[in-house]
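**Q** This is the structure I have questions about; it appears just below.
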Amino acid sequence: SNAKTVMLVIEPPFETDVRLTFGWTPPATNETVGLVEGAVLHEFPETCSVEYRPSDQNSAMFIQANLSEDDGTYRFFIDTEEHSTKGTIVAKCGMFDNSEQSVSVDLPLPPEPVGDDDEDAVPNDVDACPDTPLGEPVYSTGCSDSQTDDDGDGVVNSNDRCPNTTNGATVDVNGCAAAQRDTDGDGFNDEVDACPDTPAGEQVDATGCSASQKDDDNDGVTNDVDTCPDTPAGESVNAVGCSESQLGPQGPLKILALHGGGQTANGFRSMQGMQDLMASLSDYEFVFASTPENNNVWIRDPPGGKGQPTTDRDWADASIAYLDQIVEDQGPFHAILGYSQGAAMIPVYLANTENTFDKVLMYNGYLPTTHEGLMDTVDEAAPFSTPAMVFSGENDDAFKDMSPALAQRFSDCTQIHSPTADHHPPYQSDSKYNQILNWITSD
C-alpha cells in the first residue's frame, strides 16, 4: 500500500489577558487584620497566582493569596500593623501565553479617609463608578460587574450570559446574539438554524430542521407523517401524504405500531430505528397507536407491584378494546408491530381478539409473565400461526434473554439477533436491518 505522511498541527487554546477584581474588608474595631478578596478572570484559573506587594517594603513582606483553582476566587489577610495598606495586587495567569495585571490600591482604615464614597478601595478621583453597590468586587476602574459592559452590547456583565458578543450585533435581554443562542437546543445556533423552534428531542438535519418541520415533496404533509415522501409535484394527497398514483387501487399496506411502556406514539415514531424503517417502507402506511391507559402503558402493573402477579384475565381489556376500535376505524392492517411492552402486548391482543394480521413484528419484547391471568389466555391460544419476527439486541442486557420465550408462542417465527443493537429497533446501519426488511416485504 502507498504510505502517506500527514502533518498534524495542534494550535494552543486562545487565552485572554488576566483580569482582576478585589474587595476590601477593613479591620473590625480594636482589630488590626483586614481581608482582601476577589477573583481572577482567566480561562485557566489553575495556572493563576495572586500576590500583594505592600509599598516601601521588601519582598519578604509580600503576601501570597489563597486562590481556588476551580473558580479563580482568592483571599488574603493583611495585618495593618505589619504591612502597609498602600501597595499593588499582582495577578499572573497563563497555560501557554502568560499575562499579568497589577492594580495599585490604597486600602482605607478606620476612620475612613475622605475620598472613597462607595468604599470600594478605589479613590474618588480615579473611580469611574463612584456609586458601586456596597460589597460588590470591582475592577481597577472602580466598577463592578453590575456597572460594566465589556462587550458593549447594552447588557451589563452581571446579567450577560454571552460576554463576548461581536461588536454591533443585536442581542436579547440576556446579552446573546443569534450566533450565540440555540433557542431550541438542537445543536445549531439561531443564526444558521433554518428551524429555530424544533420540538425537544427530535433529531435534526444539517439545516437544524427535524422531520416534523420538513416537507421534502411539498405536498403539505410533513416528512414525519408522510407515508409517500416522493409524491410527484402537483398531485393531490391524502392525510398521510400519498396521491392516487402512489396508492394503486388497494391503497398502501398498513402496519399498526404499538409503542413501548412509558413511551408515547410520537416518541416511538421519532426513534431512529423507526424513522429508518418508515423511510425504507415508504409505500407502507404506519399507524401509531397510543394506549388508553395512564402512564403510557398497555398493561398496568399488578395491584401489588411487579413482584406480585395478578390472575385477572381481563387486566388488559381497556387496551384490547382500544386496539379493536383502531382496527375497525382504520383497518384492515397488513401487520402489527410492537416495541418493548408494545411487543409484550401483541400475544395478549392476538389471544383476545378476532382481528387478524398477515404478519407480526416484535422488537425488544418479552412475555408479561407477572400477569398470570393474561398469560393463561395467551397459552390457551398459542401457538399463533401468523408469521412472526422477533428481534433482539446483544447489548439489550435486560431484555435479550426474554426473546426466545416470546418467539415460542408462534409456530412460524423468525428470530433475528443483532450483535450491536441495544434496547431499540435496529438502525439502517445494523447488519441485520436488511434481513428484517426482506422479511417484511416478502410474500
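**Q** State all residues of region 367-383 that are outside any loop (DSSP other than H, G, I, E, B) and touching a residue at least 40 places away in the same chain (Cβ under 8 Å); if no residue qualifies, say none. Spell out how you get there, then give the answer.
**A** Initial filter on region 367-383 (outside any loop (DSSP other than H, G, I, E, B)): 371-381.
Matches in region 367-383: His371, Glu372, Gly373, Leu374, Asp376, Thr377.
**Q** Something else: Take Asn438 and tell me if it is more than 14 Å from Tyr339 (Cα to Cα) and out of contact with any Asp or Glu (no Cβ under 7 Å at 6 or more places or on another chain). Reasoning before the result, please.
**A** Values: more than 14 Å from Tyr339 (Cα to Cα): yes; out of contact with any Asp or Glu (no Cβ under 7 Å at 6 or more places or on another chain): yes.
Considered against the rule, which asks whether it is more than 14 Å from Tyr339 (Cα to Cα) and out of contact with any Asp or Glu (no Cβ under 7 Å at 6 or more places or on another chain), Asn438 comes out as yes.
**Q** Which of (1) at pLDDT 85 or above; (2) out of contact with any Phe, Trp or Tyr (no Cβ under 8 Å at 6 or more places or on another chain) is the odd one out, the single condition Val138 does not satisfy?
**A** Answer for Val138: the failing condition is (2).
**Q** Condition test on Asp430, is it buried (at least 20 other Cβ atoms within 10 Å of the Cβ) and of a type in the set (Asp, Glu)?
**A** On the way: buried (at least 20 other Cβ atoms within 10 Å of the Cβ): yes; of a type in the set (Asp, Glu): yes.
Taking the combined requirement at face value, the residue satisfies it.
**Q** Of all residues in region 26-43, count the ones that are surrounded by fewer than 16 Cβ atoms within 10 Å (Cβ to Cβ) and either without any contact (Cβ under 8 Å) to a residue 60 or more places away in the chain or at positive phi (or both). Quick ask: steps written out before the conclusion?
**A** Taking region 26-43 as the starting set, the residues that turn out to be surrounded by fewer than 16 Cβ atoms within 10 Å (Cβ to Cβ) are 28-33, 35, 43.
Next, from what is left, pick out any that are either without any contact (Cβ under 8 Å) to a residue 60 or more places away in the chain or at positive phi (or both): 28, 30-33, 35, 43.
Qualifying residue count for the region: 7.
**Q** Against the condition part of a loop (DSSP other than H, G, I, E, B), more than 30 Å from Phe286 (Cβ to Cβ) and not assigned by TED's automatic domain parsing to the domain that holds Thr25, how does Thr166 come out, does it pass? Working first, answer last.
**A** Numbers: part of a loop (DSSP other than H, G, I, E, B): yes; more than 30 Å from Phe286 (Cβ to Cβ): yes; not assigned by TED's automatic domain parsing to the domain that holds Thr25: yes.
Spelling it out, Thr166 is indeed part of a loop (DSSP other than H, G, I, E, B), more than 30 Å from Phe286 (Cβ to Cβ) and not assigned by TED's automatic domain parsing to the domain that holds Thr25.
**Q** OK, next. Name the single residue that is surrounded by the fewest Cβ atoms within 10 Å (Cβ to Cβ) among those in region 44-71 being farther than 19 Å from Val105 by Cβ and small (Gly, Ala, Ser).
**A** Here is the first cut: in region 44-71, the residues farther than 19 Å from Val105 by Cβ are 44-47, 60, 68-71.
Filter again for small (Gly, Ala, Ser), leaving 60, 68.
Details: Ala60: 5, Ser68: 14.
Ranking the qualifying residues of region 44-71, first place goes to Ala60.
**Q** (1) touching a residue at least 40 places away in the same chain (Cβ under 8 Å); (2) more than 24 Å from Thr132 (Cα to Cα); (3) of a type outside the set (Val, Ile, Thr): which one isn't true of Ala3, the others all being true?
**A** The number of the failed condition is (1).
**Q** Turning to a different aspect of this structure: Of all residues in region 391-427, how many are assigned to a loop (DSSP other than H, G, I, E, B), without any contact (Cβ under 8 Å) to a residue 40 or more places away in the chain and under 23 Å from Phe357 (Cβ atoms)?
**A** Selection size over region 391-427: 3.
**Q** Among the residues of region 86-111, which ones are surrounded by 17 or more Cβ atoms within 10 Å (Cβ to Cβ), within 23 Å of Glu46 (Cβ to Cβ) and aliphatic (A, V, I, L, M)?
**A** If the condition is that a residue be surrounded by 17 or more Cβ atoms within 10 Å (Cβ to Cβ), within 23 Å of Glu46 (Cβ to Cβ) and aliphatic (A, V, I, L, M), then Ile89, Val90, Ala91, Val103 are the ones that fit.
**Q** Can you name the condition, by its number, that Ser158 falls short on among (1) without any contact (Cβ under 8 Å) to a residue 60 or more places away in the chain; (2) surrounded by fewer than 18 Cβ atoms within 10 Å (Cβ to Cβ); (3) part of a loop (DSSP other than H, G, I, E, B)?
**A** Among (1) without any contact (Cβ under 8 Å) to a residue 60 or more places away in the chain; (2) surrounded by fewer than 18 Cβ atoms within 10 Å (Cβ to Cβ); (3) part of a loop (DSSP other than H, G, I, E, B), Ser158 violates only (3).
**Q** Another question about this same structure. I need a count of the residues in region 278-322 that are more than 21 Å from Ala351 (Cβ to Cβ) and within 28 Å of the chain's Cα centre (by Cα).
**A** Matching residues across region 278-322 total 10.
The rows are residues; the columns are (1) charged (D, E, K, R); (2) on the phi < 0 side of the Ramachandran plot; (3) surrounded by fewer than 16 Cβ atoms within 10 Å (Cβ to Cβ).
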{"position": "Leu281", "(1), (2), (3)": "no, yes, no"}
{"position": "Arg300", "(1), (2), (3)": "yes, yes, no"}
{"position": "Thr310", "(1), (2), (3)": "no, yes, no"}
{"position": "Gln325", "(1), (2), (3)": "no, yes, yes"}
{"position": "Asp329", "(1), (2), (3)": "yes, yes, yes"}
{"position": "His334", "(1), (2), (3)": "no, yes, no"}
{"position": "Gln341", "(1), (2), (3)": "no, yes, no"}
{"position": "Met345", "(1), (2), (3)": "no, yes, no"}
{"position": "Asn355", "(1), (2), (3)": "no, yes, no"}
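**Q** Going residue by residue through region 224-244, is there one that turns out to be within 25 Å of the chain's Cα centre (by Cα), at pLDDT below 90 and not acidic (Asp, Glu)? Explain how you work it out, then say what you get.
**A** Filtering region 224-244 down to residues within 25 Å of the chain's Cα centre (by Cα) leaves 224-225.
So of that shortlist, the ones also at pLDDT below 90 come out as 224-225.
Remaining after also requiring not acidic (Asp, Glu): 225.
Scanning region 224-244, I find at least one residue that is within 25 Å of the chain's Cα centre (by Cα), at pLDDT below 90 and not acidic (Asp, Glu), so the answer is yes.
**Q** Of (1) surrounded by fewer than 17 Cβ atoms within 10 Å (Cβ to Cβ); (2) modelled with pLDDT of 85 or more, Cys209 satisfies all except one. Which?
**A** Only one criterion in (1) surrounded by fewer than 17 Cβ atoms within 10 Å (Cβ to Cβ); (2) modelled with pLDDT of 85 or more is unmet by Cys209, namely (1).
**Q** Cβ contacts < 7 Å: first residue over 12 Å from Phe286 (Cβ atoms), restricted to region 220-247; second residue crowded, with 16+ Cβ neighbours inside 10 Å and basic (Lys, Arg), any location; separation 6+ or different chain. Result?
**A** Thr222/Lys214; Asn223/Lys214
**Q** What single numbered condition from (1) at pLDDT 85 or above; (2) over 26 Å from Gly241 (Cα atoms); (3) over 17 Å from the mean Cα position of the chain (by Cα) fails to hold for Asp217?
**A** The number of the failed condition is (2).
**Q** I would also like to ask the following. Taking the residues in region 16-41 that are assigned to a loop (DSSP other than H, G, I, E, B) and in contact with a Ser or Thr (Cβ under 7 Å, 6 or more places away or on another chain) as candidates, determine which candidate is farthest from Glu82 (Cα to Cα).
**A** If we filter region 16-41 for residues that are assigned to a loop (DSSP other than H, G, I, E, B), which is where we start, we get 16-18, 26-32.
The next check asks that each one be in contact with a Ser or Thr (Cβ under 7 Å, 6 or more places away or on another chain); those that pass are 17-18, 27, 32.
Numbers: Asp17: 32, Val18: 29, Pro27: 13, Thr32: 9 Å.
Selected residue: Asp17.
**Q** Related question: If you go through region 390-413, how many residues are surrounded by 15 or more Cβ atoms within 10 Å (Cβ to Cβ) and over 21 Å from Thr369 (Cβ atoms)?
**A** Filtering region 390-413 for residues surrounded by 15 or more Cβ atoms within 10 Å (Cβ to Cβ) gives 390-393, 396, 399-400, 402-403, 406-407, 409-410, 413.
Now drop any that are not over 21 Å from Thr369 (Cβ atoms), which leaves none.
Total meeting the criteria: 0.
**Q** While we're looking at this one, here's another question. Could you figure out which of (1) under 23 Å from Ile255 (Cα atoms); (2) out of contact with any Ser or Thr (no Cβ under 7 Å at 6 or more places or on another chain); (3) crowded, with 22+ Cβ neighbours inside 10 Å; (4) not hydroxyl-bearing (Ser, Thr, Tyr) isn't true of Leu374?
**A** Against the list (1) under 23 Å from Ile255 (Cα atoms); (2) out of contact with any Ser or Thr (no Cβ under 7 Å at 6 or more places or on another chain); (3) crowded, with 22+ Cβ neighbours inside 10 Å; (4) not hydroxyl-bearing (Ser, Thr, Tyr), Leu374 comes up short only on (1).
**Q** Which is among the acidic types (Asp, Glu) and closer than 21 Å to Lys306 by Cβ, of Asp430, Asp396, Asp412?
**A** Numbers: Asp430 fails: closer than 21 Å to Lys306 by Cβ; Asp412 fails: closer than 21 Å to Lys306 by Cβ.
Every option except Asp396 fails the conditions.
The values are calculated or read from the model by the stated rules, or taken from the named source; none is laboratory data. As the structure is a prediction and not an experimental result, all values here were calculated from the model. Neighbour counts are summed over all protein chains in view; Cβ atoms, including those assigned to glycine, are modelled from backbone coordinates with ideal geometry.
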